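Everything below concerns the one structure shown next.
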Amino acid sequence: MKISDALRRLDAYPRTLEDFRVQSVSGAIITLISTIIVVILIFLEFMAYMTPNLTEDLFVDTTRTHKLKINLDITLHNLACNYVSLDAMDSSGDQHLRVDHDIFKHRLDLQGNPLKETAPIKEIVAVSPTNKNTTCGSCYGAEFNSTHCCNTCESVLEAYRFKKWNAPLDKIEQCKDQYKRSDADAFKEGCRIQGHLEVNRMAGSFHLAPGSSFSIRQFHIHDFQVANVKLAHTINHLSFGDKIEFATTHPLDGFKVIPEEEDGKSEMYNYYLKIVPTVYVKPNSAPINTNQFSVTRYRKDLGSKERGMPGIFFSYELSPLMVKYEENQRSFGHFATNCCSIIGGVFTVAGILAVFLNNSWEVLRNKLEIGKLS
């Protein structure tokens, strides 16, 4: 009995006799309101618990080994696919002319409706004859060896590019039919370029321009001689890695350019991109390496005094810093503690409010009774 008496003294929640309890309508209203508030707050706390906590860190980027992946989806509204050349180059001098690997071109009419689909563009290379019936076209002095054949115009031009020679197009039999057509035909269709390319992870550029590209004595040129070239285009998608919805990995998506009225001048569209390497770490999954970027746009009129080449040019450089986003699951202990705090805090404040209202009502009722007696 002595032990039970000692334990009773430690009871922090003594019960009140029923005879001393006073229940009121105001107390019931406060109880209902406080219960609704507790339920709402616990629900919001549960939603916050189920949402991963996203942290952001910034540190020096030391991952320079893997390639930089460029995803692009660009529509040229007034340039045919046969005349579009995609070239890429970097600060080390590495050049990729007429990029076609993993690049697809889709023909469009001038209203943007798809025409007959074309197959992926494949580079035509010079090959040796495989049988006696195969004719061996001349490479006009640019052949690699005695068995090297150039049966197409493209294979002759490729051999000349390898030798870094100027190709005499008017003297090459394979190119006569191809170069009889007028460059004015280039503006009778549109083209949608989709795909991706991988480049060295360093500052560089890539561009879309009319005509076949050549590199002669470190000069980059295109064989397209038409004035007043203005490329209306839409950047459907451009990113440097995987897409993350909450990050600025694709700020140019949906951007459309409509040239101004005809003034006899060609236009050069420049996009200067500042790339920030980004890694996204999710629980129980491999990290996602991607890149965010900001962009500055500039349009240049190519008049008599301005030098340049009509086309769409993207120049990019990488930041030495990397951003790391990491998702962390919230602690259940933290969730339980917040729930207890909500319940205790709301009912404590409700109890104080109920006592204040009851005491105020008692004082007011006493004054009314005194006034009646007097």
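Heavy-atom accessible area per residue, the range 240-340, 1.4 Å probe: how many Å²?
56 Å²
Around Glu56, what is the net charge, scoring Lys/Arg as +1 and Asp/Glu as -1 over all other residues with Cβ under 12 Å from its Cβ?
That works out to -2.
With labels modelled as points extended 7 Å from the Cα through the Cβ direction, what inter-label distance (nm, one decimal) is found for Tyr298 paired with Ile370?
Placing both labels 7 Å along Cα→Cβ, they lie 8.5 nm apart.
Chymotrypsin sites (Phe, Trp or Tyr not before Pro), restricted to the range 240-336: which are DSSP loop and have at most 14 other Cβ atoms within 10 Å?
Filter output for the range 240-336: Phe246.
If you plug each phi of the range 54-62 into the Karplus form 6.51 cos²θ - 1.76 cosθ + 1.60 with θ = phi - 60°, what whole-Hz ³J(HN,Hα) values come out, in order, with x for Gly and Pro?
Here the 3J(HN,Hα) series is 9, 10, 10, 10, 10, 8, 6, 7, 10 Hz.
Please identify which residues in the range 327-358 have an amide N closer than 16 Å to a label point set 7 Å out from the Cα of Phe246, following the Cα→Cβ vector.
327-331
Rank His106, His207 by accessible area, highest first, at a 1.4 Å probe radius?
His106, His207
Under the Karplus relation 6.51 cos²θ - 1.76 cosθ + 1.60, θ = phi - 60°, what is the ordered set of whole-Hz ³J(HN,Hα) values for the range 266-276, x standing for Gly and Pro?
7, 10, 10, 9, 10, 10, 9, 10, 10, 9, 10
Apply the a/c threshold of 1.5 to the C-alpha gyration tensor of the range 288-374 and tell me whether it is rounded, prolate or oblate.
Oblate, since a/c reaches 1.5 and b/c is not below a/b.
Which value in nm describes the separation of the simple spin-label points at Ser341 and Leu10, placed 7 Å from the Cα toward the beta carbon?
Between Ser341 and Leu10, the label points sit 2.8 nm apart.
Can you give the convex hull volume of the alpha carbon atoms of the range 43-88 per residue, in Å³? Before the final figure, lay out the partial values.
Values: hull volume 10.1 nm³, N = 46.
Expressed per residue, the convex hull around the Cα atoms of the range 43-88 is 220 Å³.
Rank these by accessible area, largest first, 1.4 Å probe: Ser294, Ser239.
Descending accessible area places them as Ser294, Ser239.
Based on the Cβ-Cβ distance from Asn200 to Leu54, what FRET efficiency comes out when R0 is 41 Å, to the nearest 0.05?
FRET efficiency, Asn200 to Leu54: 0.85.
Given the whole protein assembly as supplied and a 1.4 Å probe, what does the accessible area of Thr75 come to in Å², nearest 10?
That residue has around 10 Å² of solvent-accessible surface.
Between Asn284 and Tyr272, what is the spin-label point distance in nm, taking each point 7 Å from the Cα along the Cα→C-beta axis?
For Asn284 paired with Tyr272, the spin-label model returns 4.7 nm.
The values are calculated or read from the model by the stated rules, or taken from the named source; none is laboratory data. These numbers come from a predicted model, not from an experiment. Counting neighbours? That spans all protein chains shown, and the Cβs are built from the backbone with ideal geometry, glycine included. Note: accessible area is taken over every heavy atom of the protein model, side chains too, but ligands, DNA and RNA are not part of it. Shrake-Rupley method; radii C 1.70, N 1.55, O 1.52, S 1.80 Å.
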